[in-house]
1. Applying the selection to the stretch 416-443, what residues are farther than 13 Å from residue 290 by Cα and either small (Gly, Ala, Ser) or free of Cβ contacts under 8 Å to residues at least 40 places away in the same chain (or both)?
2. Only one residue in 120, 102, 43 is over 25 Å from the mean Cα position of the chain (by Cα), among the aliphatic types (A, V, I, L, M), assigned by the TED database to the domain that holds residue 27 and surrounded by fewer than 18 Cβ atoms within 10 Å (Cβ to Cβ), so which one is that?
3. Looking at 194, 141, which one is open to solvent by 20 Å² or more (accessible area, probe 1.4 Å), hydroxyl-bearing (Ser, Thr, Tyr), assigned to a helix (DSSP H, G or I) and out of contact with any Gly (no Cβ under 8 Å at 6 or more places or on another chain)?
4. Is it the case that some residue within the stretch 399-414 is out of contact with any His (no Cβ under 6 Å at 6 or more places or on another chain) and within 26 Å of residue 318 (Cα to Cα)?
5. Take the residues in the stretch 1-23 that are modelled with pLDDT of 85 or more and buried (at least 16 other Cβ atoms within 10 Å of the Cβ); name whichever of them is farthest from residue 371 (Cα to Cα).
6. Out of all the residues in the stretch 256-271, which are open to solvent by 20 Å² or more (accessible area, probe 1.4 Å), part of a helix (DSSP H, G or I) and over 18 Å from residue 445 (Cβ atoms)?
7. Which one of these is polar (S, T, N, Q), over 19 Å from residue 195 (Cβ atoms) and modelled with pLDDT under 90: 158, 163?
Amino acid sequence: MGRPDPEEGQLPAPVKPPDGGWGWIVLLGCFVITGFSYAFPKAVSVYFKELMKDFHVGYSDTAWISSIMLAMLYGTGPVCSIMVNQFGCRPVMLIGGLLASAGMILASFTTNIIELYLTAGVLTGLGMALNFQPSLIMLGTYFDKRRPLANGLAAAGSPVFLSSLSPLGQVLLEKFGWRGGFLIMGGLLLNCCTCGAVMRPLDMGMKRKMGKAQDKYEAKEMLPIGGKSEEGISTTDGTKKGKKAKKKPKKGKKLLDFSIFSNRGFIIYTISKFILVLGLFVPPILLVNYAKDTGVPDTEAAFLLSIIGFIDIFARPACGMVAGLKWVRPHVAYLFSFSMLFNGLTDICSARASNYTGLVIFCVFFGISYGMVGALQFEVLMAIVGSQKFSSAIGLVLLIEAFAVLIGPPSAGRLVDALKNYEVIFYLAGSEVVLSALFLGVASYCCLNRGKKEPPPENNPSAGAGSDTEEAESDVQEAEERSSDNHQPAHSTDNAVVVANEEANHVAEEQRGEGGGCPTGDGEVLARDGCNADQMVERDSF
């Protein structure tokens, strides 16, 4: 009836994020998923001593379980992107939750370390990867203005779950053994399916509302004049045909969008993130052994990680709130660069710490800077590529980070074995983080300045004349159509004219309130966009 199909008309433009409502439930699910994804590989280390006794293997052999989990979490990024683009976030997360749970349950029945690699390592790691990436995509879909805060709150799940899963794992190990602990942990991972179930696609609710509005509009339009029922039926049929035709382009949808590599900001972010990961995780991995070598007791050395986790819990949401400020958000890339610089300088300055007080001070500042990095890393990526290409971007970034994860910490461990000196490792890790911060800040500044110095494109006279000519031709054509309609003989009486005028005003007011196209009188052809109610009444009066 002159009104576009609500689904077909809204297809080109993305649905506006609600910044609340059901988005808070999505945020809670993302909080849980982030906690399991980052904390679970570390919490599994509680069972390593028992695994070494039962399978008669060394510590390095059992440590591969956590390494494989992290490698699957990062390395399967493109696979997750393809699955999300093909099937959507909710189905992928439900499958991921089942795989993660099945991996730990099957691991409780294993008889050798290789089977543990395949179950707890590969299967559980793949399941967590299929949950982690879609949850971040859904978070970016539901939040726009409050997205920095949402990212900060979701990232806080990592330290919260780390401080919870490790003591829980120790209790389960003491009461049920490592097999019973793995079985119960597998049951806990089924909560990922619950989190996946709440990831409702944003356009689903919008399409339902628009469909109800369309039905209401058609009902109102068919009731006053019986002749319009035929038009309503034809519009409904056309809507159904449009829905069937609209499903066809999905076959040609890109499963993985490599066009993001043409974005200079994405290239800068990827390079800086690769350098960052080389040194970011080294200090917390070596901190406990470093403290023990300086004469700190075992219990106090382990408490240092708790300090980092406690500070990290509050640093991530606080940094998210700061990043959401109006005068900070346009420069969030520089805030991310500052957080990396802060973290790198903390590593360098603490390299010569020789007592427990110095290590505690290091943990406080490291927890603040580490929380800032964790809260901003995905927010900056969303700001660079946008929500439409984020699913492909995060998959490619995680794949590149996987190589850095496999290079950085193992290389640091080998250097410690060769040099027997932790001070050099802290200097090296801090220098890598500082280098990534300087590269991101300087490269972003140069690109922004280059973009500002480029003169704005001047209006081409020929192009402008062409557009004016097209508008003039359309006006002439519309005038000719109006004049041809005006010269047609009138077959209605004065009463019919009054009824037509009232009907036109009534429909025009409804159209103006619903934002649709301009309706026409009974038996008329559809009017052009941009016509108003006065023009329609004038046409009917003739």
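The values are calculated or read from the model by the stated rules, or taken from the named source; none is laboratory data. Here the structure is a predicted model, which is why all the values come from computation and not from measurement. Ideal geometry is used to build each Cβ from the backbone, glycine not excepted, and the neighbour counts take in all protein chains shown. When the accessible area is computed, the model is the full protein with side chains, heavy atoms only, and any ligands, DNA or RNA have been set aside. Shrake-Rupley method; radii C 1.70, N 1.55, O 1.52, S 1.80 Å.
1. Result: 418, 419, 429, 430, 431, 436, 437, 441, 442, 443.
2. 102
3. One residue alone meets the criteria, 141.
4. Yes, that holds for at least one residue.
5. Among those that are modelled with pLDDT of 85 or more and buried (at least 16 other Cβ atoms within 10 Å of the Cβ), it is 18.
6. 258, 259, 261, 262
7. Every option except 163 fails the conditions.
For every residue, the table says whether it meets (1) at pLDDT 90 or above; (2) in a helix (DSSP H, G or I); (3) under 23 Å from the mean Cα position of the chain (by Cα).
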| site | (1), (2), (3) |
| --- | --- |
| 308 | no, yes, no |
| 319 | yes, yes, yes |
| 339 | yes, yes, yes |
| 364 | yes, yes, no |
